[in-house]
Every structure is written in C-alpha cells, then in structure tokens.
1. What is the helix-to-structure angle for 608-627, meaning the angle in degrees between its Cα long axis and the longest Cα principal axis of the chain, kept from 0 to 90 and rounded to the nearest 10?
2. Percent relative contact order of region 797-898, based on C-alpha pairs within less than 8 angstrom and at least six residues apart?
3. If you average the sequence gap of Cα pairs under 8 Å that are 6 or more apart and divide by the length of the chain, what percent do you get for the contact order?
4. Over all pairs of distinct alpha carbons, what does the Kirkwood formula give as the hydrodynamic radius of region 438-554, in Å?
5. Can you return the aspartates and glutamates within cross-link range of residue 335? Criterion is Cα-Cα under 20 Å, with same-chain partners fewer than 8 residues away left out.
6. When only alpha-carbon atoms are used, what values of Rg and Dmax, in angstrom, describe region 713-834?
7. What does the charge count around residue 920 come to, taking other residues whose C-beta lies under 11 Å from its C-beta (Lys +1, Arg +1, Asp -1, Glu -1)?
8. Can you bin region 3-87 into rounded, prolate or oblate? Criterion: square roots of the alpha carbon gyration tensor eigenvalues sorted a ≥ b ≥ c, rounded for a/c under 1.5, prolate for a/b above b/c, oblate for the rest.
Amino acid sequence: MSANTTPVQLPAGRETVTVKLINPVNFGPAILKRFMGPDVPGLETFKDSPSFSFLLEHPSGRKLVFDLGIRKDYMNHAPKIADYLPTTNYTIDVSKNVVDILEEGGVSPSEIEGVIWSHWHWDHIGDPSSFPPTTNLIVGPGFKKAMLPGFPANPDSPLLESDYAGRELVEMDCTGEQSLTIGGFQAYDYFGDGSFYLLDSPGHAIGHLCGLARTTSSPDTFVLLGGDVCHYAGILRPSVHLPVPETITPHPCNPFGTGSLCPGHAWEELQKSRGREATDTLFDMTFGGDIPLATRTVGKLQELDCLDNVLVIIAHDSTVRDRAPHFPESLNAWKEKGLGERLKWAFFRDLEVYWNLFPLPLVSLPKTQMPYLGRHFQPNMSAFGVANKDLDYDVLIIGAGLSGLYSLHRIRQLGLRVKVLEAGEAEGGTWFWNRYPGARFDSESYSYIFSFSQELLDEWDWTEHFSPQPETLKYIQYFTKKFRLKKDIQFNTRVKSAHFQTPSNSWLVTDEEGRQISSRYIITAMGILNQPTLPVIEGVGDFKGQAWHTARWPADHSALEGKRVGIIGTGATAIQTIQEIYKICGTLTVFQRTPNWTAPLRNTKITAEEMADIRRRYPTIFQQCLESYSCFIHVTDNRKTTDLSREELFAHWEELFQQPGFAKVLSVSTDVATDREANKLYSEFHANKIRSRINDPVLAEKLIPKNHGFGTRRVPLESGYYEAFNQPHVKLVDLHETPIERITEKGVKTSDQEHEFDVLIYATGFDAVTGSFGAVDFQGIGGQKLKDTWSGGIQTYLGLTVMDFPNMFMIMGPHQMFGNIPRSIEYAVDWVADFIEYARDNDVRFIQPTQEKMDGWYKHVERLGEGLLANEVDSWMTGVNKNLAAKQKRSLTRYNGPAPGYRKECDAVKERNYSDFVLG
C-alpha cells in the first residue's frame, strides 16, 4: 500500500532552528484503556513512557524550550495534582529538571527566551520557576481565561501561581500579525522568518499548541513537536493518507537487526477482529478535554504526518526515546540518517504481545500457500505450501542456547514450522552447562543482551555490570518464557547425525535414541565452546576421588569445602574458578603449563538509578557495539604507541587499566596487536601490575606469560585471581619444571612427587569452534562427511554455509565474526532468517555456495589476519588444542577483520538477491 497524496503545502523558508530532544522523565505503567481503545488482546499497559522537552536554538542566538516534562519535586505541585498523583500508581523516574539538564549541557537558563507549554497538564509543565524571570512563559489560545489564577489564589487550580509569577505570561494569537494557515492549522511564525511555527491544536486541553520546526532548507525538512495532540502514535497512524506499508524496515521488534516486517494479513485480521478497517488508526482516543475536537485535530495532523519531510514526535512516544538522539545532539539530520523511516511505524513493536498470543506470520504470504482459519493458520500446513508437505518441519535448529533461541523466535515470525533439538534438560547453552564458581560475563551485561525486543529491554533489570552465571541463565529463561519458546523445543535430545537427502533436497536428523526428523533447512546453533576436552595424561580415569571438567560442574558447590583440591589448567575458565574456590578449599594446588594474561574486571552492583540510565542509553550502547571492531562498547585507539610520549602513553594505559571491563584490552593503540615492540611494551606494563600483586617475586615470574604477548590470546578478566596465590594454602605447580607423569588413584604424579587430593578439577578447555560439528555425523551430497571436507582446512562461505551441505546454516560457525557473542548472533540469525524468508517467497528449495566463493572467502579471511600477532600464537582462536591429536597445528578458524566489515560483506550478498549461491 502507498500513501495517498495530500494538498498540504508547507511554507517555504531559508532559516532553520536547531532542535534537540530532552527526556527528563519516565513514568508508568499507563493503563491503555483509560487513554485509547478498542483493546488489543494482551496489550493492557505501557510499562513506562517519556515526556519530552525540546531545546530550540535560532541562528540569532535566541533560544526556546518546548515543554518541561515532570518536575523532580512532583509532590510540590498544586494540591489538586499532588493529591491526584498517588491514585495513578505511577512509578515516576525523574531526578533532574530540564533546567538541570540544560546546565549540564552548557546551556545557561538565562539564555532561554521563553518556555512554551504545549498545554497545562502536570506531566508537561515542569517547574518554570527554575528559570529566571527574564524567561517568558508562552501558552496557547484561551489559556488565561480558563486557567488563571493558580494555587493558592484558586485552591482548585492544577497550576501554581509561582509557575508564572514575576515573568511575562504570553498567550499566543494564531489569527493576528505573523499568523498563517499550515494545512488545517492556524499557525504563528514565532521568529518571523519561517524557522519555527506554533500551531493551534485544540481538543486535548485548553490552549494546546504544537510546534513545527524547520530543520533543513533546500530541501525543507521539519520536526513537528506534537505535545499531547494525541497520547500515542497508534492514535495517529495509520490513516487514509498513510496506510500501513507492505514492508517495514527495520523490523519494529528488532530495530538493530536486518529483518523486515510485512504486516499484511496479520494487520488486517487484527483490525477486523476489533471492528476496524485496515486504514483506521490502531486506536481511537478515549481521554481528553474535548474528544471530538481533539479527533478532528488529529485528522489535520494526519495530513502532515504522511509527508516524508515531516517527522512527527508525540510527547510520550517511547520509540522516539529509545531510538532518537538526545540532547546535546540535534535532530536536524533526522531525514538524512533515516530516522523518519525507523520511527514512523516503530510503535508496531507494541503489538509483539498480540503476535505472541495469536501466532500470525509477520509477513505477507500468498493465500494459496498459507490458508487461514480465523487468527490461526492450519497446524500442519507449511508456509512453503506443498513443497514441504512431506517434511516434518520447514526448519530444524540444533541447540537451545542464545543462538538457537533467537533463531527459533525469528523463524516463528516467518510463520514456519520449526523445532529446536537440545541435548540438555533445559535452555541456556553455555550458561546452562558452565555453572562453575566464578562464571560470569566479562562483557558488560547490558551489551550482552538481545536488542530486538524493546519490551524485553524494558522489563529486564541487571543487578551487576558483569553478570554472574545464575543471573545470565535467569535472563535466558525469562526470554524463553516471554516468547513462549519452550513449546517448540525438544529437550534431552542429543543429535547423532544429520544427512542430506538429495531427492527431496531436505535433511534427515537422527538423535541418539534413533528418532528421526526431516526438515527443509537446518540451523546449527551449537556454540563455539561446547565440547569439553580432558587432558591427554595417562590414568585420567584412575582417580578414585571426585573429578569433573569445569563445564560439567556438580550442582552442590559445597563439595569443595575443606577439601584437598587440585585443578589442572590456568586458562580463562580456570582463572574465574580459582579466584572463587580458594576461599573454601582446605588446600588448592594449581597445575600450570602455560600462564595466561589476565587483568582486573572491576565489577560492581547496578543500582536502580543506574539501570534506569542504562535503559535510556540502550540505543547508544547498541550503536557503539554496531560500530566497534568486535561488537563491544569499547572503541579502539587509532593512534600508534609512538604517537605519544612514554609519559603520556603510560598515563593512558593506567587510565584504561583502572576502567572496568575490556577497555584495557580493546581500547589500546591498534599497533599493540600488530607491532612486536608495541606489544612487548604493553605486555611489560601488565607484567609489572602482576608483580605488584604477588608477594613472592619468584612465583610472580611464573604467573607472567613468557611465550606470548598481552592480547595475543583470549584475555579473561579477574577479580582477585593473583591474590589467591598469596594465601598459604594455595600452591602453584609449574609443569615446565615438574611435568605431570600420570593421574593416580590418589591424585597427580609429577616428576618430583605425588600430590594427593579429594577432588580433581579439569579446566582443560574445549574442542573450540569446530568441536560441536565433529560430535555430529554431518553428511552432505553423496554422503560427503563434513569432517572430511574440513580435514585439510576449514572452508566456508561467509562463515554461514559450506558447499555440498545445502540448506545448512551455521550460527557462530568457523570464519564468522565472534567478538561480543549476542551482537554477532543477532546479525547472523537475522541474515539466515532473511534468506529463508526469501526462499519461502520465491519457492527456493536448495541453496549452497560454490567452491570459487569458498576459496575467495578463505583468502579474504586469511588476508584480514595478516600481521596480527595473535595468529602467531597457539590458542583455541587459532585452532590449536594440545589435548586433541587433530588440533596440533594452527588453522584459520575465525573472522579476523572488523565486525562492520563482516556485515558489509554479508549485506552485499543479500543485496544481490543471494545470486552468489547456487539456488534451486
């Protein structure tokens, strides 16, 4: 559907004003039926809403503020409002007045010529008395007669006399000099040069005003400051002027992904079920001073809203809060940045509840392919139509960790038959299996979170900046429950084999019990660190005490209390484990072959106020991740170490060292990763930090890596790891001095003695990246085995596909961007889901890359890795695991370039309609 044309012509002009969005408050929950109707099933409240203010800066230096939100001392409103507020049951999150925010941004209150009230309601008027008397208070037509005087002169007034006392109270006249008509609105040209207009917009409240700010000229663009002309974008849209589009990009429920929403029949069914037409607004307003008049005003606004050079911002639009730049940034480049397209239909994210309750496909399908029964499609009918009628599923997903769960959610959005097979007894993947003490993020919690659902972001509170395993698992469980994913997951099902069936271009998957399931496509979501490995040491099975790998930690953590404990390994998992278990062990002996670099995590709790601030900053956080090299919030320093004096360099490094998280790993100069001398210097900086924390100088040297530089292996972060070795009951055994000869019934025999233990822990890593694939018998065309295909070196195209293994997509497979895993997962899953949507819509039943494309991708990945010191070091990131015979030599396992570059390559393939592949 396309928008109807409209006769509205906006006035020409050369002058513009700078518009800056301020959100001083979030409050809620709002009960929808009070403000709008008819009901949408399952959508009853908005958790919280903003109340916007705007700073308007004229080129002459004159400044205005439009609306003030809620004052921070809101119980000091006039008694009529102060008595009313407790009845709302709102949680009001406001710590600063607009004037405070302006001052923090370098704008003095004395610079503000006037404060414009869109109307007199308590959540817009703020505290005008916080501005100097030189600041005028500007109100709409009829205000003075209807609203004056304030309290205490009028005990029943919702206003305070102090709101306007001692300053000029200006009531706008939109019919006199400098007035004009814009569309259906009477307007006033405030500055007299066409840069900013006030629009008389009656109905919601006496004297309601909107603002129309020209943000660019040649071509003209405008931001319309809507105030409470209506309470919600769904009361404004759609309209006969602006119908629901066939495709909405990005997907409103996943604004940071690459998917699209095609509302189609789903939208029509929703409207029909509520007695509405497809071009009717989602809601009618049910709250306001004069609802019929306010409805007519909304009709006038719709004639402007359909113009592609007008961005309408309603005061309580949480999608604008979450996706638009805030003060001190400006909104003026909104059109150039595509903000209008991203925001126009963003409110459709609120229908996520409806899609969950009534699982309509979020895409427009040919009705011949997808019959409907009311709001539900037929349970056994594939969206691919008869092409998949003999298959059990359209898509089969292996693994119910983060990759598998998000894949399930996206594939269900396409209206396809999908099933997840999970070996464990519950969802969680890595965070289900790895329950060892100390397991936690070393990515910031709020960057290691899915971004696709605003509701999920609004509802989930992190309690620590770097979440521990139990809380992370709870998050995954909450996500699973919210989107009702369990009904499509089959637990306790370990996949044994997956064989491609050439005649039907499908996959036949068999589990360990011999049960078989067929599917057109399979998605592997098995994780990069999933297959634990035990050390190649004689007698591993001989120990008579308790023994386990860290990835299979027993539920009872008290098993170590007072015990003699040995742990083999000092990698990332061991570091996190040791720093916790030494506190309860009777004795702890650490067997170290190769020390690992590590640095302080500096984790702290997250207060409620911090979480509210983080939630407001989610758009910025996700944008930082999107733009960064490896999807973290930390930005690389593009200066070379030689660009700074030694004094400046070490001061900079010290500053990074004191920061929490990966700043000390990812925000250093780029040449630390490529230049031996720069890396040597930075490694020595960290070596000195280690020396300062270990009491015994000889022991300190043993804990400092000598065979690789800082950052050339995965650098885990710690909280008290080195201090553990200062304790008298903790002992380090250097295996270069006294190597392990065997595991005995009593413990570990080294070249100089037998160490006896009650408990033996193997922190010996994983068969990383490809191990999960080796655990399943994948056979492609002609019975070709995947392990044979990769025996001479890993080959993929985009890290997502492999030739001779058609219709198989890998999430977090080799040659794919890893980094901050959830960020990479979302992109990879969206890319795969977009292709499957394309396949469904274009009757594609077969896809595989060519050898030429795989060779080209290998060379591309190889070229990106040239010069990286990390590729000269044995580690799981270079495909080495000394405990596995097949992984004794380095191989190209991961994408070595920046994440934005990876996405660019994959996006280009999609833009070519997947013509790089063999399709059938």
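1. 70
2. Details: 111 pairs, mean separation 31.7, N = 102.
Once divided by the residue count of region 797-898, the mean separation gives 31 percent.
3. The value is 11 percent.
4. 18.4
5. Leaving aside aspartates and glutamates fewer than 8 places away in the same chain, those within reach of residue 335 are 15, 57, 220, 303, 305, 308, 317, 322.
6. 21.5, 61
7. Within the 11 Å Cβ shell, the charges total 0.
8. Details: a/c = 2.94, a/b = 1.32, b/c = 2.23.
Since a/c reaches 1.5 but b/c is at least a/b, the shape of region 3-87 is classed as oblate.
Quick note: the coordinates plus some simple rules give every number you see, no bench work behind them. Computed from a prediction, not measured in an experiment: that's the story for all the values here. Note that we place each Cβ from the backbone using ideal geometry, even for glycine, and neighbour counts take in every protein chain shown.
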